[in-house]
Amino acid sequence: MAFQLRDYQRDAVDATVRHFRKSDDAAVIVLPTGAGKSLVIAELGRIARRKILVLTHVKELVEQNHAKYEAYGLKASIYSAGLKQKSTQHQVTFASVQSVSRNLDDFAEQYSLLIIDECHRISGDEESQYGQIIQQLKKHNAGLKVLGLTATPYRLGMGWIYRYHYHGYVRSGDNPPFEHCIYELPLRYMINKGYLTPPELTDAPIAQYDFSTLNASRWGGYNEREVNELLVRHPRVTQSICEQIEALAQDRQGAMIFAATVDHAKEITGYLPQNQTALITGATPTTERDQLIRAFKNRELKFLVNVAVLTTGFDAPHVDLIAILRPTQSVSLYQQIVGRGLRLDEGKTECKVVDYTGNGFDLFHPEVGSSKPHSDSQPVQVFCPVCEFANIFWGKTDDEGNILEHYGRRCQGYEEDDKGRKQQCDYRFRFKECPHCNAENDIAARRCHSCEKAIIDPDDMLKNALKLKDALVIRCAGVSLCDHNGKLRITYHDEEGAEVHESFDLNHSGQRKVFNLLFGRRFGDATQPRQFKQLDDVLSVRDQFRAPDFVIARKAGHHWRVKEKLFDYEGRYRKANELS
């Protein structure tokens, strides 16, 4: 018997049909864990007129998506070595990415639509398994439509996996695997409407690990050996945590524990009741793993300890206690972990989530396309002074919520012309000026986007200056502005007390233009660019100018003459007041 789609599931299907009727651009749908992505996939398969391939990375999801489709009374093929089936005879095929990538010749026919579940796993690399499959399918259909579904549309190290959001803003400009997000449903909406169980987020009240001394990889993970070495030094912490988990679980139906390493998981398992606990790792044989999961779902076991294997493709609605004992810098992984406990179940009113690692993520406000610049950073709203788009960037605020600074680079807003072509707003909050044509470029640019000439690497500039005996490099901790004989005098203060000065005669059009290019353009953290004409106007707002990160001065007689100012620096040299 077919399932009845919820309103938002129908909206997601309709958005897909509308998009692909007018475009071949790859698109993504964002639905929280537990929102029923498999039903959306099933409905898209049901209404399709040509062949469709549905990919995912674990056999459990292949099986789950296939079952939902066949609930419509329709037949579909399964192509998955893990499920011991390799068939493509029906119009719709549900497959594992591993099996398809190893047997590309079996897919030498025309598919109209490729659906990728858990699509945040795509790297964008054409040589990856996903990339090889897409290339193979496009050989037989250049107009192949690609649709991704995920609860977490970003990857640490990559950022957002799509470029344009249908609400009118730009997420990524660095060749993401998807061009458009065509539908998104917030997690809070699902909870407020009663479609998901509310999470009860609790800080660990008794014991907690301190992983702050470890360095995360680009992808948000940690070196297993370093983690084990840290954990071995604190055995009592793990024991205390397990004692608390056991106490919290007394009135709970099912508890999932996410461990940091295999050795850590074994230690945790040893502290929990033996006859109520199972351990699953990547090395657990498939048959044994299936038996343990079945026993847990049947509530024959209360505690399920795992290491990075049950974050997706696992569905046990009775889980109402999540214990996080592994560190991560990836909010995507954090959301996937918490999502294991948010499905509805009879008698379940909330899911308790206890984080013993101090990950510190806000479940409802995910990362802004990149990891936090600082531990006290938070999402802040910054309006573009050109198009007035309300950007969300990482930033810092005072106790009253006023923005002290933000780390946004470019406005995320875009406009669409009569032909549907999108153009991102070109206003930049952080930029590097081309020395040849003065065009504003991204701070990481090596070549000007306007004149295409090379831009000097600021690291090379600093390196060369530090070699010179007649050069002074100021790590600028701040600036002060004053009236000096009718001219604007700017003093650049080094963190160790040294200082250099520079003057601008604002009555002189050339010097006024240079000042406005450097300082007026960046006024108010570049949210309120201004053209200053008089000295008094500058001095009246002297505390709102942004200081450069570095100042390079050269010896001129008995004085230092400022030669270069580096704003918005990101490189290998330490900036003022940063830890080395």
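The values are calculated or read from the model by the stated rules, or taken from the named source; none is laboratory data. The model shown is predicted, which means the values in this text are computed figures rather than measured ones. Here the Cβ is made from the backbone with ideal geometry for all residues, glycine too, and neighbour counts use every protein chain on show. The area values use the complete protein model at the heavy-atom level, side chains included, leaving out ligands, DNA and RNA. Shrake-Rupley method; radii C 1.70, N 1.55, O 1.52, S 1.80 Å.
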List every residue pair whose Cβ atoms sit under 6 Å apart, with the two residues 6 or more apart in sequence or on different chains, where the first one lies in the range 278-291 and is within 14 Å of GLU60 (Cβ to Cβ) and the second, anywhere, is part of a loop (DSSP other than H, G, I, E, B) and of a type in the set (A, V, I, L, M, F, W, C).
-> ILE280/VAL309
Residue check, LEU506 in contact with a helix residue (DSSP H, G or I) (Cβ under 6 Å, 6 or more places away or on another chain), open to solvent by less than 60 Å² (accessible area, probe 1.4 Å) and assigned to a strand (DSSP E or B) | no
Output the residue which, of all residues in the range 300-357 that are in contact with a Pro (Cβ under 9 Å, 6 or more places away or on another chain), of a type outside the set (S, T, N, Q) and open to solvent by 20 Å² or more (accessible area, probe 1.4 Å), is nearest to GLY254 (Cα to Cα).
-> LYS302
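So which of ALA42, ALA15 ends up being open to solvent by less than 60 Å² (accessible area, probe 1.4 Å) and touching a residue at least 40 places away in the same chain (Cβ under 8 Å)?
Criteria check complete, one pass: ALA15.
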Of the residues in the range 546-565, those that are open to solvent by less than 20 Å² (accessible area, probe 1.4 Å) and in contact with a helix residue (DSSP H, G or I) (Cβ under 7 Å, 6 or more places away or on another chain) come to PHE550, ILE552
Here the qualifying pairs (Cβ atoms under 9 Å; residues six or more apart or on different chains; first in the range 417-434 and over 14 Å from PHE523 (Cα atoms) and part of a loop (DSSP other than H, G, I, E, B); second at pLDDT below 85 and open to solvent by 100 Å² or more (accessible area, probe 1.4 Å)) come out as ASP417/GLN423; CYS425/GLU415
Looking only at residues in the range 418-445 that are open to solvent by 50 Å² or more (accessible area, probe 1.4 Å) and not charged (D, E, K, R), which one is farthest from PHE383 (Cα to Cα)?
-> HIS436
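How many of the residues making up the range 66-84 are open to solvent by less than 30 Å² (accessible area, probe 1.4 Å) and either in contact (Cβ under 8 Å) with a residue 60 or more places away in the chain or closer than 18 Å to ARG10 by Cβ (or both)? Spell out how you get there, then give the answer.
Restricting attention to the range 66-84, the residues satisfying the condition of being open to solvent by less than 30 Å² (accessible area, probe 1.4 Å) are 66, 69, 71, 76-80.
After this cut, where a residue has to be either in contact (Cβ under 8 Å) with a residue 60 or more places away in the chain or closer than 18 Å to ARG10 by Cβ (or both) as well, the list is 69, 71.
Count: 2.
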Of all residues in the range 98-131, which are surrounded by fewer than 17 Cβ atoms within 10 Å (Cβ to Cβ) and within 27 Å of the chain's Cα centre (by Cα)?
-> GLN98, SER123, GLY124, ASP125, GLU126, GLU127, SER128, GLY131
Candidates ASP345, ASP376, ASP362, ASP315 - the one that is at pLDDT 80 or above, assigned to a loop (DSSP other than H, G, I, E, B) and of a type in the set (Asp, Glu) | ASP345
How do the pairs read when you match residues in the range 313-326 that are without any contact (Cβ under 8 Å) to a residue 40 or more places away in the chain with residues anywhere that are open to solvent by 10 Å² or more (accessible area, probe 1.4 Å) and acidic (Asp, Glu), using Cβ under 8 Å and keeping only pairs 6 or more apart or on different chains?
-> PRO317/ASP345
Condition met for ARG554 (out of contact with any Gly (no Cβ under 9 Å at 6 or more places or on another chain), of a type outside the set (A, V, I, L, M) and either closer than 20 Å to ASN516 by Cα or assigned to a loop (DSSP other than H, G, I, E, B) (or both)) | no
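Of all residues in the range 483-497, which are assigned to a strand (DSSP E or B) and either aromatic (Phe, Trp, Tyr) or in contact with a Cys (Cβ under 9 Å, 6 or more places away or on another chain) (or both)?
LEU488, ARG489, ILE490, THR491, TYR492, HIS493, ASP494
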Filter the range 448-482 down to the residues that are assigned to a loop (DSSP other than H, G, I, E, B) and within 15 Å of GLY571 (Cα to Cα), then identify the one that is most open to solvent (accessible area, probe 1.4 Å).
-> ILE456
Which fully enclosed strands (runs of 3 or more DSSP E) of the range 98-205 have 3 or more residues being under 25 Å from LEU363 (Cα atoms)?
-> 145-150, 162-165, 178-184, 199-203
